[in-house]
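The next block holds one structure in the form of structure tokens; read it before the comments.
The values are calculated or read from the model by the stated rules, or taken from the named source; none is laboratory data. On a predicted model such as this, the values are computed, not experimentally measured, just so you know. Cβ coordinates were reconstructed from backbone atoms using ideal geometry, including for glycine residues, and neighbour counts include every protein chain displayed. Surface areas here come from the heavy atoms of the whole protein model, side chains and all, with no ligands, DNA or RNA. Shrake-Rupley method; radii C 1.70, N 1.55, O 1.52, S 1.80 Å.
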Amino acid sequence: MADAPDRARSGLPVVKKIAVVLVGLLLLPYLLILLYRPSVVHPVSTLMLADLFLLRGYDREWVAFEDISPNLVRAVMMSEDGQFCSHYGVDWGQMKAVVDDALSGEATRGASTIPMQTVKNLFLWNSRSFVRKGLEVPLAITADYLWSKKRVMEIYLNIAEWGPGIYGIGAAARHHFKVPASKLSARQSALLAVSLPNPIDRVASRPSGSMKRLAAVVDRRAKRSGAYITCLYD
């Protein structure tokens, strides 16, 4: 019969293997960020992989940044991350405000930038938690550093969900408005932008009154966004 020290030593290899696997899982997204840098690579999101695993399938048509309507790019940026061109993956001012609200017991608002949403969609999960946010922040900073701003926006717009099984702006434009992504109007773009936080309940092609009002605000901001989008359009 093995004594206690022998049993402890026999358990160490298992613990080491588990530790190696966990470290590998933590480091894998950073390797993938590097591999996703070339524009010829068309990454998929965790939600898309889940749809495949559950045999639901999905609709996604990759569209290069240059072939996406500037109306859509401006609307999404002004709706989701107005400081996209000026931060380095994380808007620390917004993040501090959220932490302060949480510590004081107040309801928190979203502070996710487009790089943060992109890495979350690519590598993490949807439920809100400090664990996920802790993983998300360094990934967003890394992606923003290794990718150009255009590449960040291109990937985000091609993996965002715009309805059940509808991923990417190519599929979204055709599904909701029967046009290619390059032909989206300012109004259509604003409706798609405001549907992003909840694309299951907010249907861009069948907007509620509140969606229309919010889209009008986003459209006005997008039309005045010239100083905010210099990193995307010269």
**Asked** Regarding D201, is this residue without any contact (Cβ under 8 Å) to a residue 24 or more places away in the chain, open to solvent by 10 Å² or more (accessible area, probe 1.4 Å) and among the acidic types (D, E)?
**Response** yes
**Asked** Quick check: is even one residue across region 187-196 open to solvent by 30 Å² or more (accessible area, probe 1.4 Å), modelled with pLDDT of 95 or more and outside any loop (DSSP other than H, G, I, E, B)?
**Response** yes
**Selection count where residues are small (G, A, S) and in a helix (DSSP H, G or I), scope region 108-137** = 1
**Prompt:** Taking region 40-61 only, how many residues are without any contact (Cβ under 8 Å) to a residue 24 or more places away in the chain and in a helix (DSSP H, G or I)?
**Reply:** 4
**Request:** Identify the single condition in (1) within 15 Å of the chain's Cα centre (by Cα); (2) buried (at least 19 other Cβ atoms within 10 Å of the Cβ) that L232 does not satisfy, given that it satisfies every other one.
**Result:** (1)
**Request:** Return only the number of the condition from (1) modelled with pLDDT under 95; (2) more than 27 Å from L135 (Cα to Cα) that K17 does not satisfy.
**Result:** (2)
**Fill in**
A careful count of residues in region 138-184 that are within 12 Å of the chain's Cα centre (by Cα) and in a helix (DSSP H, G or I) gives 12
**Message:** I'd like the residue in region 213-229 that is surrounded by 14 or more Cβ atoms within 10 Å (Cβ to Cβ) and not hydrophobic (A, V, I, L, M, F, W, C) and, out of all such residues, is farthest from A172 (Cα to Cα).
**Reply:** Y228
**Prompt:** Looking at region 70-95, which of its residues are over 22 Å from N198 (Cα atoms) and more than 17 Å from the chain's Cα centre (by Cα)?
**Reply:** P70, S86, W92, G93
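Sort through R74, R60, R56 and tell me the only one that's among the basic types (K, R) and surrounded by fewer than 17 Cβ atoms within 10 Å (Cβ to Cβ).
Working: R74 fails: surrounded by fewer than 17 Cβ atoms within 10 Å (Cβ to Cβ); R60 fails: surrounded by fewer than 17 Cβ atoms within 10 Å (Cβ to Cβ).
The match here is R56.
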**Prompt:** Is at least one residue of region 126-137 of a type in the set (S, T, Y) and either under 27 Å from D67 (Cβ atoms) or at pLDDT 95 or above (or both)?
**Reply:** no
